[in-house]
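**Student:** Please see the structure below; I have some questions.
The values are calculated or read from the model by the stated rules, or taken from the named source; none is laboratory data. Just so it is clear, the structure is predicted and the values come from calculations on it, not from any experiment. Positions of Cβ are generated from backbone atoms using ideal geometry, with glycine treated the same way; all protein chains shown enter the neighbour counts.
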Amino acid sequence: MNLRTKMQQDIIEAMKAKNQQKLEVLRFIFAQIKDEEIKQQRKELTDEEIVKLISNNIKKLAEANELYKKGNRQDLIDKNNQEIEVLKHYLPKQLSDEELEKEIEQIIKDNPDLVHPGVLIGIAVKKLAGKADNSRISKLILSKLKK
């Protein structure tokens, strides 16, 4: 079952369970998926494209939390954190630090002629899309290259 279908089923379940907050988050993301499909003039987005869209939303919510902290708005921070938890459910399992380190070491080993961190980060982000946060990837690559 693809992510789009799973999300549709979860929307129905949230309606039946009267879980208003989860329903709002899922409807919002599903509307974004439909908008993107219309923009691209395609029938359905792939799971990878949906994961990217969800990751971008999580990133925006986390950035908003930083602003809310400065404004002392704990109520909005809590709301965003709840939305992030709902969205994380649709992302692939995140790599542990050890697994991420092994993947990064393999990417560096596979590309010995590339010493520019930006290029290696680009390769790693593409390969590990959705499995690890981009900031974790870049920090790890930069620390490995300094050694």
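**Student:** Right, residue 70: closer than 26 Å to residue 36 by Cβ, surrounded by fewer than 17 Cβ atoms within 10 Å (Cβ to Cβ) and free of Cβ contacts under 8 Å to residues at least 60 places away in the same chain or not?
**Tutor:** Answer is no for this residue.
**Student:** Any idea how many residues of region 86-116 are under 22 Å from the mean Cα position of the chain (by Cα) and more than 16 Å from residue 131 (Cα to Cα)?
**Tutor:** Number of matching residues: 1.
**Student:** Moving on. Could you go through region 52-71 and let me know if any residue there is at pLDDT 90 or above and of a type in the set (Asp, Glu).
**Tutor:** yes
**Student:** Continuing with this model, one more query. What are the pairs, 6+ residues apart or on separate chains, where a residue within region 124-143 that is under 25 Å from residue 46 (Cα atoms) has its Cβ under 9 Å from a residue that is among the hydroxyl-bearing types (Ser, Thr, Tyr)?
**Tutor:** As it stands, the answer is 124/138; 125/138; 129/55; 130/55; 133/55; 134/55, since those pairs meet every condition given.
**Student:** Anything in region 42-65 that is out of contact with any helix residue (DSSP H, G or I) (no Cβ under 8 Å at 6 or more places or on another chain) and among the polar types (S, T, N, Q)? List them, or say none.
**Tutor:** Answer for region 42-65, where residues must be out of contact with any helix residue (DSSP H, G or I) (no Cβ under 8 Å at 6 or more places or on another chain) and among the polar types (S, T, N, Q): 46, 55, 56.
**Student:** OK, next. Within region 84-99, how many residues turn out to be loosely packed, with under 13 Cβ neighbours inside 10 Å and assigned to a helix (DSSP H, G or I)?
**Tutor:** 4
**Student:** Related question: Restricting the first residue to region 109-123 and requiring it to be free of Cβ contacts under 8 Å to residues at least 40 places away in the same chain, which pairs with a second residue that is in a loop (DSSP other than H, G, I, E, B) and surrounded by 13 or more Cβ atoms within 10 Å (Cβ to Cβ) meet a Cβ separation below 6 Å and a spacing of at least six or different chains?
**Tutor:** Filtered contacts from region 109-123: 120/114.
**Student:** Which of (1) assigned to a loop (DSSP other than H, G, I, E, B); (2) over 15 Å from the mean Cα position of the chain (by Cα); (3) surrounded by 15 or more Cβ atoms within 10 Å (Cβ to Cβ) does residue 64 not meet, given it meets every other one?
**Tutor:** That leaves (1) as the condition not met.
Every residue, every condition in (1) in the same structural domain as residue 10 (by TED's automatic domain parsing); (2) of a type in the set (D, E, K, R); (3) surrounded by 12 or more Cβ atoms within 10 Å (Cβ to Cβ), yes or no:
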{"residue": "55", "(1), (2), (3)": "yes, no, yes"}
{"residue": "82", "(1), (2), (3)": "yes, no, yes"}
{"residue": "101", "(1), (2), (3)": "no, yes, yes"}
{"residue": "115", "(1), (2), (3)": "no, no, no"}
{"residue": "127", "(1), (2), (3)": "no, yes, yes"}
{"residue": "130", "(1), (2), (3)": "no, no, yes"}
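**Student:** Restricting to region 29-48, and then to whatever is more than 19 Å from residue 11 (Cβ to Cβ) and in a helix (DSSP H, G or I), can you tell me which residue is modelled with the highest pLDDT?
**Tutor:** 39
**Student:** Still on this structure: If residue 1 passes every condition in (1) surrounded by 12 or more Cβ atoms within 10 Å (Cβ to Cβ); (2) not in a helix (DSSP H, G or I) but one, which one does it miss?
**Tutor:** Evaluating residue 1 over (1) surrounded by 12 or more Cβ atoms within 10 Å (Cβ to Cβ); (2) not in a helix (DSSP H, G or I) leaves (1) as the failure.
**Student:** Can you find, within region 132-147, the residue that is surrounded by the fewest Cβ atoms within 10 Å (Cβ to Cβ) among those that are small (Gly, Ala, Ser) and part of a helix (DSSP H, G or I)? Spell out the reasoning first.
**Tutor:** Of the residues in region 132-147, the ones small (Gly, Ala, Ser) are 132, 135, 138, 143.
Right, trim to part of a helix (DSSP H, G or I) and you get 135, 138, 143.
On the way: 135: 9, 138: 17, 143: 11.
Filtering first and then ranking leaves 135.
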